[in-house]
1. Hey, can you list the DSSP H helices of the chain whose Cα span along the axis is 30 Å or longer and whose average Kyte-Doolittle score is at least -0.5?
2. Ignoring everything but the protein chains, give the 1.4 Å probe accessible area of THR87 in square angstrom, nearest 10.
3. Does the range 589-686 come out rounded, prolate or oblate by the C-alpha gyration tensor, with a ≥ b ≥ c the root eigenvalues, rounded set by a/c under 1.5 and, if not, prolate when a/b is larger than b/c and oblate if not?
4. Please report the relative contact order for the chain, taking Cα pairs under 8 Å with a sequence separation of at least 6, and give it as a percent rounded to a whole number.
5. Roughly speaking, what is the centre-to-centre gap between the range 230-298 and the range 606-660 when only Cα atoms are used, to the nearest Å?
6. Pairs LYS300/LYS659; LYS313/LYS360; LYS438/LYS595; LYS240/LYS438; LYS595/LYS659: which are spaced more than 23 Å apart, C-alpha to C-alpha?
7. Please pull out the direction-averaged projected area of the range 390-532, using the convex hull of its alpha-carbon atoms, in nm² to one decimal place.
8. Pull out the extension gain between GLN522 and TRP13, defined as 0.36 nm times the separation in residues minus the alpha carbon to alpha carbon distance; nm, one decimal.
Amino acid sequence: SFSGKQRRFNPSWIKQHKWMRYSEKTDAVYCVFCVLFGVRRTDNKDKSFSINPVRDWSNFPKYVSRHTSSSSSHHGCVAAAEHYTHTLKNPGSDAEGLLLTKNSKIIDRNRHILKLIIDVIVLCGQQNIPLRGHTEEDSNFIAILHHTAKSDNILRDHLQNADPRAKYTSPQIQNELIKLCSNQIVTSIVEDLQKSLYFGFIADEATDASTMEQMAMVVRFFDGEKGEIREEFLGFSEVKRTTGEELANAFVDNLRSMGVNIEHMRGQGYDGASNMSGIRKGVQARINELVPGAIYTHCKAHCLNLVVTHACKLPEIRNMLDIVQQIAFAFQYSAKRTNVFKEELSGNDTAKASMERRTKLQTLCETRWASRANALFTFKSSLQVIDETLDKLATEMEDPKARSYLASVERFDFIVPLVTCEHVLQILAPLSEMLQAKECDLVEAARETNAVLTVLQNERDDDMVWDALYETSVDLAASIGVDPSIPRRAGRQAHRNNVPADTTSQYWKLSLFYPFVDHVMQELRDRLLGANARYIAQYLVPTQLRGLSDEKIRQLYDSISDDLDMSLDDFNLEIRRWRARWSLEPQQNLPGNLKDTLQVTNKDLYPGTYKALLILITMPVSTASAERSFSVMRRLKTYLRATMTTERLSGLALLHAHKDMNIDRDAVIQRFAEGKSRRLLLLFQV
């Protein structure tokens, strides 16, 4: 009797389950395999059907389901029984081999399940899909896993019947698997790095969504097998303090823990913050004490930003940028103003064509100054639409700020700086993009900087360029009803130019165009064309060998002598052989850059030349790769995922940043199984 109802054993259960045996004496059911081959311990949690026979007929199906789940010891007993009977029939067979054969089925099943779990984790990491949800049951990870189980019976059985402690879907298991996958990525990168002999180190720091200070670590090296320059992200690391000593120690400790030999570091790349670039207590100074050959390079992209920043401090340019920023913000954060702008734009075919499918004003980026060229281009192209929009807002909708913005825009001393600044920034924009490319080297950066300087100098000397800019300004002013003019003159003026000029065009040319272009060119020379003795290695490129003098050879030798196993005389002899080698080639067959030269350089015949070129190409140009990793961080660690630990963040960031890198699932499972004892059988143990 169970709960007032009569229950009895159903004989059909024995036909369904071959392992089941019914005892008339005890009126209970046993598992023949677990009774005969199970470990009879009182501390064993799964004692049903063996030590404790089952006679609860009302809950009998639940006992059967639990006993045959994937995490139960029942399957091991069944395998042992099969081994025993097979050994009786084949006395001469190898017992160890039989055990391996039978247990391999269980191991293969468990590994298949874990491989599918890893596949889901890798998919979520590579595609930046949050694994966790409000609860574990409604998380993306569990949802994708159940979707996968629809087409996989083994996984479906595991998710439905496995012991909750051995499902391997908990956040702790996720973290373990994420760490193993990320370690595999880092190990692969470090192995390629070690083949390259020398490398450069790039780092930057930023604050994440939970106000934790994260530092991004990137290595730059030349991959001889692929023939390309690589900048690879190695992960994030949390720092408690941002002093030069704390950061330097953190960088060195993390690199060593990853297996990187810091003695081979030949370049450092950081921004210009004092804790990074300080010559006494900065990161670069402290690392240079450990590795004297690791020369610091100020990020060239940051240097270009500083060029534009300082040049834009001219009063006319600064005032124009402030007005553009205020109006862009006013439109961006107001749906009413944006809708009016779109209505006016839809009726102006000329503005739509010149804006190149843009439908909104762009704000000026606070950090990437060179990118302001696009924002100024959009503003200039839609100036007539902006003027009509502000007029409509001021007159029909009584917008209090629209009238003041309208007064600021309808001035010739606003339009001329807008046209001039946009034109110069468009010249600098390609240089900014090139400096942020991974394949860019210091020689190419200097070469392109000189090209930009030449363009600016030619345009300054060409009166036709200014005449075209002034004509554009006049036409733009006429489209909104503004006449060309110059500021009021006075006998004594302390805060603006009071240059003598016969015409309006001449005034703006002397007071704005010349000073602005001169300032940009001087800043480019000072900030982007700094010299270092290692840069002389650029003259080893076959197309530039004519510029390599004896004095330059001596300076180059002194700068890299610690890496050369030869004397100055031997180095001179090698350079003479290097000259003779390329003098036999036609001019059109000569390599023209560092990368192409390294690919054709025999490092056994020309060891000094190869090392000089390799050291120069590994020196960082910009910290753009480290800053790209912060874009990954902001996509990963949002305010909804602010409790994420740094280790999990770094692992997911590596999966997302290196989504094209294959993960060896079998290797991950092997490391996972060897880490500690697991509830699921993943390794064969004798």
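1. Both cut-offs are met by 95-126, 171-195, 412-435.
2. 50 Å²
3. Working: a/c = 3.75, a/b = 1.60, b/c = 2.34.
Oblate, because a/c is 1.5 or more while a/b does not exceed b/c.
4. 18 percent
5. Answer, in whole Å: 14.
6. Details: LYS300/LYS659 28 Å; LYS313/LYS360 27 Å; LYS438/LYS595 12 Å; LYS240/LYS438 30 Å; LYS595/LYS659 26 Å.
Going by Cα-Cα distance, LYS300/LYS659; LYS313/LYS360; LYS240/LYS438; LYS595/LYS659 fall outside the 23 Å limit.
7. Value for the range 390-532: 12.5 nm².
8. On the way: separation 509, 0.36 × 509 = 183.24 nm, distance 9.19 nm.
Full extension of this stretch gives 174.0 nm more.
The values are calculated or read from the model by the stated rules, or taken from the named source; none is laboratory data. Predicted model only: the values in this text are computed from it and were never measured. Counting neighbours? That spans all protein chains shown, and the Cβs are built from the backbone with ideal geometry, glycine included. Areas reflect the complete protein model, heavy atoms only, side chains present, ligands, DNA and RNA absent. Shrake-Rupley method; radii C 1.70, N 1.55, O 1.52, S 1.80 Å.
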